[in-house]
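Visitor: Structure provided below as structure tokens; questions to follow.
The values are calculated or read from the model by the stated rules, or taken from the named source; none is laboratory data. Treat the numbers as computed from the prediction; the structure is a model and nothing was measured. Backbone-built Cβ (ideal geometry, glycine too); neighbour counts: all protein chains shown.
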Amino acid sequence: MAKTPKPEKPEPAQGTEADTASEIKYPRRTERRRRTRLKIMSVAAEQFSKAGFAATTMQNIADEADIHVTTLFMHFNSKNELATSLATGAIDQLRQRAWAARSSKGFFDFFRDEALAYAAIRRSVSQPDAALWSALRNDRELAFAWTLYEHGQKDVYAEYIAAEYQLDRTTSYLSDLIAALMVECLILPHERWAEAPGKRKLADEIESAVELAEKSARQLLPTDSAASAGD
């Protein structure tokens, strides 16, 4: 009679109870790992911007981050994963800021503040965020990460608009269409400024574009939003 095989004991999934227990048991180790990961991402953004995605190797990133390449592979399996993490990390930060601002600031004010704040960062090539934007926007081999980043932006802004104007995204395209309009209105000012940074002021270019886009968007939105109802 054949023996019934014993069921294998399932291993804990990555990022679940085992990881949580480890973080609690070894808080210093967890903090070191977090700092190392952030340093890697910052260095990767700079390297992708300076040398290009194709020319940058995992060894280059490890050397610039002053870590062993084995340590790098413990955090990221590939350059593609690194680029994707840069894009999703930027979107996560944007989502947190948007969530915190919803109760006190209308969407268009929030969007303008974000755009102008980013213009200030973009002017400083030494800033990691500026390096990230430049790499994602200009390197064709990073198109997959740029698409992810742009889609994430539109999703965050569409959520903001839907919440403020009481729109249902499952039945109406309006909030998503307006979010797409606002995101796209920033592309041309950046491109014009990049062509002649000494002759144009990026903040002025953005202000002009955002003003035009906002006027168009407000004509499509309902006037009895939650925000205006409370005034």
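Visitor: Could you tell me how many of the residues in the stretch 24-65 are free of Cβ contacts under 8 Å to residues at least 40 places away in the same chain and assigned to a loop (DSSP other than H, G, I, E, B)?
Guide: 4
Visitor: Here's another thing I want to ask about it. Among the residues of the stretch 160-202, write down those that are surrounded by fewer than 18 Cβ atoms within 10 Å (Cβ to Cβ), modelled with pLDDT under 95 and either closer than 13 Å to residue 112 by Cα or within 19 Å of the chain's Cα centre (by Cα) (or both).
Guide: 184, 187
Visitor: Follow-up question, since we're still on this one. I need the full set of residues from the stretch 217-226 which are surrounded by 13 or more Cβ atoms within 10 Å (Cβ to Cβ) and modelled with pLDDT of 75 or more, in order please.
Guide: Within the stretch 217-226, 217, 221 meet the criteria.
Visitor: Please state which of the following conditions residue 157 fails to meet, knowing it meets all the rest: (1) at pLDDT below 65; (2) crowded, with 18+ Cβ neighbours inside 10 Å.
Guide: (1)
Visitor: Which is farther than 26 Å from residue 39 by Cβ, in a helix (DSSP H, G or I) and modelled with pLDDT under 90, of 116, 86, 142?
Guide: Details: 86 fails: farther than 26 Å from residue 39 by Cβ; 142 fails: farther than 26 Å from residue 39 by Cβ.
Residue meeting the stated conditions: 116.
Visitor: Name the residue that is surrounded by the most Cβ atoms within 10 Å (Cβ to Cβ), counting only residues in the stretch 83-104 that are touching a helix residue (DSSP H, G or I) at 6+ places or on another chain (Cβ under 8 Å) and either free of Cβ contacts under 8 Å to residues at least 24 places away in the same chain or small (Gly, Ala, Ser) (or both). Spell out the reasoning first.
Guide: Filtering the stretch 83-104 down to residues touching a helix residue (DSSP H, G or I) at 6+ places or on another chain (Cβ under 8 Å) leaves 83-91, 94-95, 97-98, 101-102.
Still in the running and either free of Cβ contacts under 8 Å to residues at least 24 places away in the same chain or small (Gly, Ala, Ser) (or both): 83, 85, 87, 89-90, 97-98, 101.
Values: 83: 28, 85: 17, 87: 22, 89: 16, 90: 21, 97: 15, 98: 19, 101: 16.
Out of the qualifying residues, it is 83.
Visitor: Same structure, new question: In the stretch 76-111, what residues are of a type in the set (Ser, Thr, Tyr) and closer than 30 Å to residue 223 by Cβ?
Guide: Of the stretch 76-111, the ones of a type in the set (Ser, Thr, Tyr) are 78, 84-85, 88, 103-104.
Within the stretch 76-111, 103, 104 meet the criteria.
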